[in-house]
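The structure appears below as structure tokens.
Each reported figure results from applying straightforward, stated rules to the coordinates on display, with no laboratory input. All of these numbers come straight from a predicted model, not from anything done at the bench. Methodologically, a virtual Cβ is constructed for each residue, glycine included, from the backbone with ideal geometry; neighbour enumeration extends over all protein chains shown.
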Amino acid sequence: MDEYQVIESKSPVFYEKYERKSELQHQTHYCPGCGHGVVHKLIAEAIADMGTQDRSIFVSPVGCSVVAYYYFDMGNVQAAHGRPPAVATALKRSNPESMVIAYQGDGDLAAIGTAEIIHAANRGEKITVFFVNNAIYGMTGGQMAPTTLVGQISTTSPWGRRPSNEGYPLHMAELLATLEAPVYIERVALTDNKNIMKARKAVRKALDLQREGAGFTFVEILSPCPTIWNMTPQEARKWIEEKMLAVFPLGVYRDRKLAPVADAVPQISVSKLLGLEAPQEVVAAPVAAKGPHADLRVNIAGFGGQGVLLLGQILAEMGMRESREVSWLPSYGPEMRSGSAHCYVCLFNERVGAPLAEHPDVLVAMNEISLHKFGKLVGAHGSILYNSDKLPPGLPAMEAHIYCIPAAEIADKLGTTKATNMVMLGALLELTHTMPRETAFAVLKAKVRNAKLLEVDCLAIDAGMECLRKQLAEMHVPAGELAPCH
Ligand SMILES: Cc1ncc(C[n+]2csc(CCOP(=O)(O)OP(=O)(O)O)c2C)c(N)n1
Ligand code: SF4
């Protein structure tokens, strides 16, 4: 038996560590026996073997796989429900060299996103779509999908799907194969090892064709959802075999290379179009980006429930009251349980062109994860306000200066931890002198009905200002000046 060696390793295309609560880091967020994990693995291994990780972009859907970006260490964009093919189109057209993957469930692709997939396929976009068909809406608790089988019970077809009322299952592979443009369409299933190996081959073939610039490629994967189907993982695989295969026959529905189209419009990369031969280094905002009239870009990040988005809103509303051009761009995880949340706020003198503040002047990091994740994106001339009395051990060196503000502690002493975000707001106002505290008070007055809470919030802002002021004084920095980097 010596000739066998068991090798267990994670594809380098996956992040080493999944960004989850520490007690959950050993597992993915998928249910045991879910097919998404298997499909992720097949894609990651294919990309690793092809050596295209650095130019691959994964477009995740809305559905159970919405946080696929937690796993794939490559370009990631999360599209609105059903829109991955449209987003993938834009990505591929503006970066023809990239490998763009749209990943979608059956609710995402075959219900709300029917138009997007059909038109992307019909245009022959040179992207790869992986369509995970589990015959149900998984994430939202088991509503009927367009692919739900006749007679299959779901929360919205409690007597079983009836063609007379709900129509017949949609066969996406067959439907797309009626179009001229697609070059490769195959349906595979995650039933047993043999079929998983076929799925592996199909995933690789689709990506290979994209690498060659062949055209639109599509792989439908029949995939188990044991949780919603109320089955064990083994029963779920058997159910695909016994029920789904009869409705969704496996096989290759299209496999051809198109002759080049005579009137094909050459696709030019965005950087080339703009005359930027090489990607430009992002330059952090100069130290001068401070004071009442300076443009300011802020990223506020933490867990849901820490008032991250609200802090951004208050800042943006303050900006409006001060006649600044403002934007507030929230981003929060779709998961309900203490997911991460952040928002970008831009306070400009001119109209805000792009509301992103990936390299902000100030990062307000409400927790350690945010400090790790976003801290390195703040340039040497920027500053970080960190919600703690000390830096976490093992923090990698960062270019920006980090101020530790024990905001939760300060807020606690004032009567409620809820005011933690207001302490941070105070520190931010003192650091940047971008707007007067009175404007913050006015905004709060309009927003907070509870008089006691309003009083605590105002005290918290002052306490945050005082805390930062002391630190600047210790560093001999005049009020209103951003501290030099360490
Ligand atoms: C515009 C919009 N409509 C509806 C929803 C609610 N929603 C979230 S996930 C989902 C269905 C997901 O099912 P599917 O695509 O089959 O993926 P699965 O969870 O099974 O992997 C729906 C309807 C939403 N988030 N956004
Ligand atoms: S609900 Fe279904 S599709 Fe969603 S993670 Fe669980 S098994 Fe997978």
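In table form, for the structure just shown:
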read-out: Cβ-placed point charges (K, R +1; D, E -1), dipole of the chain about Cα centre in debye, nearest 20; value: 880 debye
read-out: Pairs of alpha carbons in the stretch 106-159 whose separation is greater than 18 Å (percent); value: 37 percent
read-out: Distance between modelled label sites at Glu166 and Ser22, nm, 7 Å Cα→Cβ extension; value: 4.5 nm
read-out: Modelled FRET efficiency - R0 30 Å, Arg469 with Thr416, Cβ distances, 0.05 increments; value: 0.85
read-out: The stretch 337-451: relative contact order in percent, alpha carbon pairs under 8 Å with at least 6 residues between; value: 16 percent
read-out: Cβ-placed point charges (K, R +1; D, E -1), dipole of the stretch 128-263 about Cα centre in debye, nearest 20; value: 320 debye
read-out: Computed over the chain: relative contact order in percent, which uses C-alpha pairs under 8 Å that are six or more apart; value: 10 percent
read-out: The stretch 18-97, relative contact order [Cα under 8 Å, separation at least 6], %; value: 23 percent
read-out: Proxy reagent accessibility, fewest Cβ within 10 Å first, across Arg200, Arg324; value: Arg200, Arg324
read-out: Unit Cα scatterers, Debye sum, the stretch 341-486: log10 I(q)/I(0) for q = 0.14, 0.17 Å⁻¹; value: -0.67, -0.99
read-out: Radius of gyration and maximum dimension Dmax of the stretch 1-120, Cα, Å; value: 15.8, 55
read-out: Fewest-first ranking of Ser340, Ser269, Ser9, Ser157, using other Cβ atoms within 10 Å as the exposure measure; value: Ser9, Ser269, Ser157, Ser340
read-out: Nearest-ten-degree value, helix 451-474 long axis tilted from longest Cα axis of the chain; value: 80 degrees
read-out: Placed amide H near Ser383: partners under 5 Å, 5+ positions off or other chain; value: Val362, Leu363
read-out: Per residue convex hull volume, Cα atoms of the chain, in Å³; value: 199 Å³
read-out: Segment Leu310-His119, length gained on full extension (0.36 nm per residue, minus Cα span); value: 64.9 nm
